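The values are calculated or read from the model by the stated rules, or taken from the named source; none is laboratory data. Only a predicted model underlies this, so the values are computations on that prediction, with no experimental measurement involved. Here the Cβ is made from the backbone with ideal geometry for all residues, glycine too, and neighbour counts use every protein chain on show.
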């Protein structure tokens, strides 16, 4: 699988990288992260150029220097070797490690996986609400089986919710709905409205608990490479959204390998701010729906594909697939432009009405 490299990927939540060394594989690159003395994050390829030992097995020394645990070479946050304990102490010109641009923003650590000179901090999406005191934000990171593209498909097509999550996020009244697909140069959006339906158990709990009908909206937008923002909520039938309750959820899918992902999620609300019972309920829904239902299904899909690509298998496409197909086409064009190639992609018109 080709990954889009000229893009910012979330590599960790800020509090995951503390006083020591932190390793995570991003786009099939093992990367070691640590904090410099000023608190900023350094990110290096996790491989000593001497005997290729993982630097994450070494030590973080004062001054923001990594000492290789195998033969003691030391490297600074820019990847330069600053100490050779052997022979005359001369430092070979090739004793350098690739350094990856890293920025901490909105409570997350973002890595640029392309050429360092192309890294543009302004290209990081504005997800500041997820780190704002004006919101109660619950969050977590999951290690999931399955490619990041399959998780994008899953999120951009929420028609699976009543079938896969009937006990939490969906029910049998959430079929069809009014769908709207939008796209510009940087974003693909899929907005769905279910009018006058019985709320799912999770939303009924927050909106009176009497099972009375609601209008239920699910508006999700994608930005490259795999950053999705979902505005979801309920209100009384025919009433303004502002009279109901809603949660902004981030679903940031960072590829680990071609068939595994890091799934960063957060759920932010501006009501019931101090309700610890609701905090617990959100984590329970994540455990049930994301971990217990989405992940096993997508892992099974990955296995069922038998090593073949999405295009090779020529999937049957249905009406709700339009947004996911738009995303796949946009990603292919970005990857093709990055590599200087042309990538033919199935048109959205192939989606059944």
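Before moving on, here are some points about what is shown:
- Matching residues in segment 245-287 - criterion: being touching a residue at least 40 places away in the same chain (Cβ under 8 Å), within 15 Å of the chain's Cα centre (by Cα) and under 15 Å from residue 234 (Cα atoms): 248
- Flag for residue 150 being buried (at least 17 other Cβ atoms within 10 Å of the Cβ) and over 28 Å from residue 338 (Cβ atoms): no
- Qualifying positions in segment 182-211 - within 21 Å of the chain's Cα centre (by Cα) and modelled with pLDDT of 95 or more: 188, 189, 190, 191
- Boolean, residue 189 is assigned to a helix (DSSP H, G or I), in contact with a strand residue (DSSP E or B) (Cβ under 8 Å, 6 or more places away or on another chain), within 17 Å of residue 231 (Cα to Cα) and in contact (Cβ under 8 Å) with a residue 40 or more places away in the chain: no
- Test for residue 196: is it out of contact with any helix residue (DSSP H, G or I) (no Cβ under 8 Å at 6 or more places or on another chain), surrounded by 14 or more Cβ atoms within 10 Å (Cβ to Cβ) and part of a strand (DSSP E or B): no
- Test result for residue 16, over 17 Å from residue 106 (Cβ atoms) and touching a residue at least 60 places away in the same chain (Cβ under 8 Å): no
- Close pairs (7 angstrom Cβ cut-off, 6 or more residues apart or separate chains): over 11 Å from residue 154 (Cβ atoms) in segment 317-328, modelled with pLDDT under 95 and assigned to a helix (DSSP H, G or I) anywhere: 317/350; 320/159; 322/348; 325/348; 326/348
- Of the residues making up segment 140-184, those that are more than 21 Å from residue 215 (Cα to Cα) and in a loop (DSSP other than H, G, I, E, B) are 146, 147, 184.
- Evaluation of residue 312 against (1) part of a helix (DSSP H, G or I); (2) closer than 28 Å to residue 108 by Cα; (3) more than 17 Å from the chain's Cα centre (by Cα) (one fails), failing number: (2)
- Only one entry in 47, 25 is more than 21 Å from residue 131 (Cβ to Cβ) and either assigned by TED's automatic domain parsing to the domain that holds residue 266 or part of a loop (DSSP other than H, G, I, E, B) (or both), namely 47.
- For segment 199-216, taking the residues that are assigned to a loop (DSSP other than H, G, I, E, B) and in contact with a strand residue (DSSP E or B) (Cβ under 7 Å, 6 or more places away or on another chain), the one that is surrounded by the most Cβ atoms within 10 Å (Cβ to Cβ) is identified as 199.
- Scanning segment 128-162 for residues that are within 18 Å of residue 1 (Cβ to Cβ) and without any contact (Cβ under 8 Å) to a residue 12 or more places away in the chain turns up nothing.
- Residue in segment 217-229 that is farthest from residue 150 (Cα to Cα), counting only those that are under 10 Å from the mean Cα position of the chain (by Cα) and not in a strand (DSSP E or B): 225
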